[in-house]
Amino acid sequence: MIPSVLPTYSRAPLSFVKGQGSWLFEADGRRFLDLGAGIAVNVLGHANPDLTAALTEQAGQLWHTSNLYEIPLQKALADKLVDATFADTVFFTNSGTEACELAIKMTRKYWFEKDQPGRVKIIAFDGSFHGRSAAGIAAAGSEKMTHGFGPLLPGFAHLAFDDLDALEAEMDETVAAVIIEPIQGEGGIRPLSDAYLQALRNACDAVGALLIFDEIQCGMGRTGKLFAHEWAKTTPDIMLVAKGIGGGFPLGAVLATENAASGMTAGTHGSTYGGNPLACAVGNAVMDIVATDEFLADVSRKAGAFRQKLEGLVDAQPEVFEAVRGSGLMLGLKCKVPNMDLINAAYENQLLIVPASDNVVRLLPALNITDDEISQAMKRLESTAKFVSKGLKQ
Ligand SMILES: *Cc1c(COP(=O)(O)O)cnc(C)c1O
């Protein structure tokens, strides 16, 4: 008999009743150190007092009005995002997938308004992830996500990751846009070099194609910059944001330049919930904390120390690990043993880590994780690796 919850997930046999900072508690009081943060969502940890205050204060005032009316908190959050980025304008969604969906619609409409309605080709990359909608799976293009769901939304071409020659061969005036994660998340914490991102910007400019960065996982302070592409000193035309921006409240956004957004006039797109007062109260509180130089510098400082310790762990356990990957507090351990063996063993050490493709274990802690918690995480990772390594020798 089918379970009452549609069985599309394979869940770990764990269930939490309470969270505090980087810790999650089971009903029996067992405490887990959380290096997954709800898949890069809980950027300020669980039950953060500032976010809880923003949420409960707004909950007592006004939850939802629809976008039929002005929403001052939505405008305040959009202003903050515009001030802090390349963007001129912002549309709010409830999820990353919806942000991806709008980016694709915005691209289509852009070329339609430019009297080139046939210019629909969007270039995406092997190993990418852009969400689970019909457009999102067509964009990612992997067999794992598209199998059985055809016919797929047409117009997507897929190129090898980090291959500049392949890109240059494909770029011409039929290309409407290129969509790319500056650091692939689900694909296995695979960063692109600054040089590649800059070359990509130039290649798009040469043919007038729009450049879309999916920063749903790598953005909102995760790499020590507010957005990961800032490291490469380049900018997109459109950017997808979600996950961290709501700190656990469902919220996403599409940021765009005035030019890229020029086709999106009144009535061309909308959302019932997107950017409602409750979501934006939390989003503003997240931005006020994360988008400060001190906060981002602290992320970089902690990330540097964490990475160094992880490099030591990889050196000490060469049968278990191959390499450390990533940037800032978006870290991956490329494994030689099956990544799920490590993840399951980590549960025994009350440590939560997250799988990714390419046999990688992801570490995506809350950005306000403490130095002491990083030390505790290393101890738990070391005993997990030792346990798995011992199993290999038996
Ligand atoms: C999580 C994620 C998405 C999808 O976001 P949802 O909120 O799950 O719809 C899209 N792109 C990237 C890079 C992601 O990490």
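The values are calculated or read from the model by the stated rules, or taken from the named source; none is laboratory data. Values in this document were obtained by computation on a predicted structure and should not be read as measured data. FYI the Cβ positions are ideal-geometry reconstructions off the backbone, even for glycines, and counts take in every protein chain you see. The area values use the complete protein model at the heavy-atom level, side chains included, leaving out ligands, DNA and RNA. Shrake-Rupley method; radii C 1.70, N 1.55, O 1.52, S 1.80 Å.
Listing for the model above:
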item: Fraction of alpha-carbon pairs over 19 Å apart in the stretch 12-130 - percent; result: 70 percent
item: Residue 51 accessible area, 1.4 Å probe, all protein chains in place, Å² to nearest 10; result: 20 Å²
item: Nonlocal amide H pairs with residue 368, under 5 Å, H built at 1.01 Å; result: 45
item: Rounded percent of accessible protein surface that carbon and sulfur make up, the stretch 145-280, 1.4 Å probe; result: 53 percent
item: Column: log10 I(q)/I(0), Debye, Cα scatterers of the chain, q = 0.10 Å⁻¹; result: -0.67
item: Candidate aspartates and glutamates for bridging to residue 386, where Cα separation is under 17 Å - those fewer than 8 sequence places away on the same chain excluded; result: 311, 315, 319, 322, 341, 348
item: Average accessible surface area per residue within the chain, 1.4 Å rolling probe, Å²; result: 44 Å²
item: Whichever lysines have a C-alpha closer than 22 Å to that of residue 233, once near sequence neighbours (fewer than 8 apart) are set aside; result: 80, 225
item: Solvent accessible area, Å² - residue 57, 1.4 Å probe, full protein context; result: 140 Å²
item: Loop-located chymotrypsin sites (Phe, Trp or Tyr not before Pro) in the stretch 105-157, at most 16 other Cβ atoms within 10 Å (DSSP); result: 149
item: Area of residue 288 that stays accessible when all protein chains are in place (1.4 Å probe, Å², to 10); result: 90 Å²
item: Gap separating the Cα centres of the stretch 76-151 and the stretch 274-348, nearest whole Å; result: 25 Å
item: Cross-link reach list, lysines versus residue 109, counting only Cα pairs under 25 Å and skipping chain neighbours closer than eight places; result: 75, 121
item: Convex hull of Cα atoms in the stretch 313-377, direction-averaged projection (nm²); result: 4.4 nm²
item: Within a Gaussian network of the chain (alpha carbon springs, distance under 10 Å), most fluctuating of 61, 116, 350; result: 61
item: Helical contribution to [θ] at 222 nm, DSSP H n ≥ 4, -39,500 (n - 2.57), averaged over the chain, rounded to 500; result: -12000 deg cm²/dmol
item: GNM top mover of 277, 338, 236 - the chain, alpha-carbon springs below 10 Å; result: 338
item: Sparsely packed chymotrypsin sites (Phe, Trp or Tyr not before Pro) within the stretch 1-68, loop by DSSP, other Cβ within 10 Å at most 11; result: 9
item: Potential extension, residue 172-residue 205 segment - 0.36 nm per residue separation minus Cα distance; result: 10.8 nm
